[in-house]
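Working notes, beginning with the structure itself.
The values are calculated or read from the model by the stated rules, or taken from the named source; none is laboratory data. All of these numbers come straight from a predicted model, not from anything done at the bench. Methodologically, a virtual Cβ is constructed for each residue, glycine included, from the backbone with ideal geometry; neighbour enumeration extends over all protein chains shown. For the accessible areas, the whole protein counts, side chains as well, though only heavy atoms, and no ligand, DNA or RNA atoms are used. Shrake-Rupley method; radii C 1.70, N 1.55, O 1.52, S 1.80 Å.
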Amino acid sequence: MKIAILPGDGIGPEIIKQAKRVLDVLRADGIKIEIEHGAIGGAGYDADRDPLPESTLKLAREADAVLLGAVGGPQYDTLPRESRPEQGLLRIRKELNLFANLRPAVVFPELANASSLRPELVENLDLMILRELTGDIYFGQPRGRRSLDNGDEEGFDTMRYSSSEIDRIARVAFDVARKRNNRVCSVDKANVLDTSILWREVVTRVSRDYPEVELTHMYVDNAAMQLVRAPKQFDVMLTGNIFGDILSDEASMLTGSIGMLPSASMDENNKGLFEPIHGSAPDIAGKDLANPLATILSVSMMLRYSFGHLESADRIDNAVKLVLANGLRTKDIAQPGCKEVGTQQMGDAVIERLTQ
Ligand code: IPM
Ligand code: MG
């Protein structure tokens, strides 16, 4: 397994350090893992004046999977858009054709109390948001700014999906649903947007190839509401890039902390980029406060989805569960009666469980 590791910015390097220790344990157990490091985001800009340096892209292309920390920081906020850290992330997704973004929102029983919703609403929640990642208004052309004849200025972006793009992400959603509870809820804004009308048509057409999977449709505003009203009604939520960006942050809070959630961004051949869904959290960077579990769980997703190493993936998931059951918590998931630990100590605890 050739893995490209891109720590990025803010808390990225700290959490990646703990995830690497997990890879080291697997390696010590005889799994052949090769690791190379690259710079991305602000780190890429600092090294090469480019948030996605050529050398990093090459590394990522040659790897079987990519493990990423996080990108972004206030010191880069004033750079022109093409130099900003986020562009590194958007470009690597696009260049590697990682169109299918899996964002599970799973509530660990021990953390049901940390949710912003009442525990009974989220207990045993296991929802998968499937976000299309390489299209939509984040990439659509034309975009830009222009001066209008009346002296006003305008900014504009284009929401755009082709039927083939919708078709392929829909198939991933139905495939994922088949391994879960056979339900897909497709989220769009078909009461207003032409893009969404096409989206709904294509998803409905694809669903005929998956008769065992139940398909429903929901408008995005309603979906945002239903997620905090009765989240357990969902199994797989299929949606486009911008709606998925927003809904996946919302869903993360149901689980107690965004610091717990991994993600996978996959291409057509199971090559993937794996990253925690939280950002670079510059305010707590370097303070040993960050929760490394989302990144450690991203390693588990990598083993599961890119390498088919289900046993190792389960092993990591179980180690995380045990550590939580033992009452260890980073600050973001702190609970009365639990022991608060730092990034490194949380890593220690997972490693200890893994090597027992
Ligand atoms: C995410 C992030 C990114 C996105 C940003 C950093 C470009 O919010 O992964 O959800 O919008 O996709
Ligand atoms: Mg986001």
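Figures for the structure shown
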| read-out | value |
| --- | --- |
| For the range 309-314, 3J(HN,Hα) per residue [Karplus equation, 6.51 cos²θ - 1.76 cosθ + 1.60, θ = phi - 60°, Hz, x = Gly/Pro] | 8, 4, 5, 5, 4, 4 |
| Sites E36 and Q75 - FRET efficiency at Förster radius 30 Å, r taken between beta-carbons, to 0.05 | 0.70 |
| Coil-residue GluC sites (Glu not before Pro) of the range 182-251, DSSP, other Cβ within 10 Å capped at 12 | E212 |
| Percent accessible area from carbon and sulfur atoms, the chain, protein chains only, probe 1.4 Å | 48 percent |
| Over 28 Å between alpha carbons, listed pairs K58/K189; K20/K271; K32/K232 | K58/K189; K32/K232 |
| Proximal aspartates and glutamates relative to K331, as straight alpha-carbon distance under 14 Å, when same-chain residues fewer than 8 apart are discounted | D283, D288, E340 |
| Partner aspartates and glutamates for K2 [C-alpha distance under 15 Å; skip if fewer than 8 residues away on the same chain] | D24, E34, E36, E62, D64 |
| Simple label model, 7 Å out from Cα along Cβ direction - L310 to D209, nm | 2.3 nm |
| Distance-filtered residues of the range 168-193 - backbone nitrogen under 11 Å, label point 7 angstrom along Q226 Cα→Cβ | 184-188 |
| Where labels lie 7 Å past Cα in the beta-carbon direction, separation of K58 and K339 in nm | 4.7 nm |
| Rounded to whole Å, sorted largest first: equivalent-ellipsoid semi-axes of the range 116-255, Cα gyration tensor | 30, 20, 11 |
| Dipole magnitude of the range 216-356 about its Cα centre (Cβ charges: Lys, Arg +1; Asp, Glu -1), debye to nearest 20 | 400 debye |
| Accessible area (Å², per residue) of the chain, counting only protein heavy atoms and a probe of 1.4 Å | 43 Å² |
| Anchor K17: lysines whose Cα lies under 16 Å away (excluding residues fewer than 8 positions away in-chain) | K287 |
